[in-house]
Amino acid sequence: MFHSRVLFSLYTLLQLWTKATGVDDRQFPSNFKFGVATASYQVEGAWDEDGKGENIWDHLTHTTPDLIYDGSNGDIACDSYHKLEEDLALIKDLGVDFYRLSLSWSRILPTGHIDGQINEAGVAYYEDILTKLQENDIQAMVTLYHWDLPQPLQEHMGGWLNDTIVDVYGNYARLAFDLFGDKVQYWATFNEPHVVCQQGYESGRKAPAITKAPGIDLYTCAHMVLKSHAKAYHIYDSEYRATQKGKISIVLNTNWYEPVSDDEKDLEAAERNGQFSFGWFANPIVHGNYPQVMIDRIGERSEKEGFDKSRLPEFTSQEIEDIKGTYDFIGLNHYTTSLAEWIEDYEIGEPSSNKDISVKGSLDDSWESSASSWLKVVPWGIRKLTKWIKDTYNNPEIIITENGFSDNGDTLDDPRRINYYREYLSSLLEAIYDDGVNVTAYTAWSLMDNFEWLQGYSEKFGFYSVNFSDPDRPRTPKTSVKYYKTVLETRCLVEECVE
Ligand code: GBH
């Protein structure tokens, strides 16, 4: 076929180019795993079918479509709810070791509550995916919460601001372990709590888009999320681990924060940035309690602002113990790097989390761009970041749970995506072999183009292109499919390393 020949020669060219650009020629360890990811709201569609309840993304996109770049929503998305066989064929074709997906809470429990109705059709859908993955020897990594909270829990309880959500979430988690745990090798309790809380309850760039108490609500949210995470971890640990033998943790996102200079103050600013983003969650989970720099700074500022206690909630010593150690690995979503520069602390006034951090962030103009304003191609960042995690958090097992590149999807030929993967994976090989970082698996984002939150369908991260104007939502492979397949087959990034 003419088409595939063009793809093939392009690929050969890229391989040749590889030799010239110093891509690492070592092979990934034999037990290293590769996967690919999606998330329920971004791909499933069928937003009100077969008994599914409304969630905060259904609600946000329907009530304030102006917030979404193209006024779109996830009502149909990739229609994955109806295209299980097709999706499975794509996953199989890639040759991945595992597939990372998330459960739509309101598809399983329409009200969010365990004592409401369990939606059998929703359960059957996930049952079906997981069974088929198992039949095909593909492991499952399942995220319990990738941002789609049942709307009733938002409306009647205030979502992640209300303490009672800890038990409500715990019950949902137990049900999921109970129903699906025999087919799940990796569980993630939450996807990116930083985004859930900072964007959901401060910047307003994610549902429920609540912006009314900056510098306060996001910390309350994180407090509840951490307690909910620990709750689910302990339920799994005490009730399911022995029989189901999976691993469970949380997925945290962070940039690498590169100091703008080697001035002591910029180094301090970059470290503080990392503590306020990754450390906010990693410190309680690995070491117990929030990072000291957060406790100190938010405490001091709160006092000066006239609060009678810190805006950062305090854990009881029992809670600190409950949360500490609740990880079997660290799930890391990493896409990009930003620069961190020391600045004078913001003056006391209206609180905000940015003022608490007081670091000036920026991007380097020389870094290659993508279709997402925040995403620059900075491959060495993943090496520095994983080394920092190794050194700061007791050398944990790290699983890269997301990493990927966006373009605007003009063509099926996506050499810039291929380049991104090659360079980031090359840097990861250096982290593994030269820095001794214990990275055991890697997940590309994403299987296919999908609903990119406030960016709607304008930024594409997929290996497969989806035609969103066709009611059938046909999927077509991009050039990067062939690239990722070859990486997975050879477990390496250059031709020469394979005998
Ligand atoms: C991931 O987050 C998500 O898990 C996934 O669902 C998503 O599709 C993927 O990224 C690609 O975006 O709103 O301009 O302030 C990645 C971490 C953190 C990156 C928040 C974007 C906000 C940019 N994200 N960040 S902005």
For region 29-490, state what percent of all Cα-Cα pairs lands in each successive 20 Å bin, counting from 0 Å until the bin that includes the largest distance.
25, 62, 13, 0
Highest mean first, how do 388-395, 153-160 rank when packing is the count of other Cβ atoms within 10 Å averaged over residues?
153-160, 388-395
Could I have the simple spin-label model distance between Asn394 and Glu268, label points 7 Å from Cα toward Cβ, reported in nm to one decimal?
2.9
In nm, the gap between the two label points placed 7 Å beyond Cα toward Cβ at Gln318 and Asp435 is 4.0
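Can you give me the relative contact order of the chain as a percent, contacts being Cα pairs under 8 Å and 6 or more apart?
Details: 992 pairs, mean separation 89.1, N = 499.
Worked out over the chain, it gives 18 percent.
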Please list, or write none, the aspartates and glutamates whose alpha carbon is within less than 19 Å of the alpha carbon of Lys52, excluding same-chain residues fewer than 8 places away.
Glu44, Asp75, Asp79, Asp115, Glu120, Glu127, Asp128, Asp148, Glu155
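Shape call for region 60-139 from the C-alpha gyration tensor, a ≥ b ≥ c root eigenvalues: rounded (a/c under 1.5), prolate (a/b greater than b/c) or oblate?
Values: a/c = 2.74, a/b = 1.31, b/c = 2.09.
Oblate, because a/c is 1.5 or more while a/b does not exceed b/c.
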For region 163-305, compute the number of Lys pairs whose alpha carbons are separated by less than 22 Å, excluding pairs fewer than 8 positions apart on the same chain.
8
Place the peptides 417-424, 353-360 in order of packing, highest mean first, counting for every residue the other Cβ atoms within 10 Å and averaging per peptide.
417-424, 353-360
Label point at Thr211 placed 7 Å out along Cα→Cβ; residues across region 360-380 whose backbone nitrogen lies under 20 Å:
361, 373-374
Put a dot 7 Å past each Cα toward the Cβ at Asp308 and Glu127; how far apart are the dots in nm?
5.3
In straight Cα distance, which aspartates and glutamates are under 16 Å from Lys360, not counting same-chain residues fewer than 8 positions off?
Glu258, Asp262, Asp263, Glu264, Asp266, Glu268, Glu271, Glu341, Glu344, Asp345, Glu347
Taking placed amide H atoms and a strict 5 Å upper bound, the residues 5 or more places from Ala371 or on another chain that come that close are Ser406, Asp407
Alpha carbon centroid spacing (whole Å) that separates region 201-236 from region 140-189
13
Given that compact globular proteins tend to follow 2.2 N^0.38 Å, what is the ratio of the alpha-carbon Rg of region 128-208 to that value?
1.26
Go through region 162-176 residue by residue and turn each phi into a ³J(HN,Hα) via Karplus (6.51, -1.76, 1.60, θ = phi - 60°); whole Hz please, and just put x for glycine and proline.
9, 3, 5, 5, 4, 6, 4, 5, x, 5, 5, 4, 4, 4, 5
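If you wrap region 431-497's Cα atoms in a convex hull and average its projection over all directions, what's the area in nm²?
Numbers: hull surface 26.5 nm².
Value for region 431-497: 6.6 nm².
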By the C-alpha gyration tensor axes a ≥ b ≥ c (rounded if a/c is under 1.5, else prolate when a/b exceeds b/c, else oblate), the shape of region 356-499 is oblate
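Can you tell me how much longer the chain between Glu135 and Trp367 gets when fully stretched, taken as 0.36 nm per residue apart minus their C-alpha distance, in nm with one decimal?
Working: separation 232, 0.36 × 232 = 83.52 nm, distance 4.30 nm.
Roughly 79.2 nm would be gained on extension.
Could you tell me which of rounded, prolate or oblate describes region 45-178, using a ≥ b ≥ c as the square roots of the eigenvalues of the alpha-carbon gyration tensor, with rounded for a/c under 1.5 and, failing that, prolate when a/b is larger than b/c and oblate otherwise? Display every interim value, and only then the final one.
On the way: a/c = 2.01, a/b = 1.32, b/c = 1.53.
Oblate shape, in that a/c is at least 1.5 and b/c is the bigger or equal ratio.
Got the relative contact order for region 320-410 handy, in percent, Cα pairs under 8 Å and 6 or more residues apart?
Details: 98 pairs, mean separation 36.8, N = 91.
Answer for region 320-410 is 40 percent.
Taking the Kirkwood radius as the inverse of the mean 1/r across Cα pairs, report the Rg/Rh of region 407-448. Spell out each step's value before the answer.
On the way: Rg = 13.1 Å, Rh = 12.0 Å.
That ratio equals 1.09.
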Could you name the lysines in cross-link range of Lys485, using Cα to Cα under 23 Å and dropping any fewer than eight places away on the same chain?
Lys19, Lys33, Lys83, Lys92, Lys132, Lys460
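Where a number appears in this text, it was derived from the coordinates with a stated rule and is not lab data. Note that the structure is predicted; figures quoted are calculated from it, not measured. Counting neighbours? That spans all protein chains shown, and the Cβs are built from the backbone with ideal geometry, glycine included.
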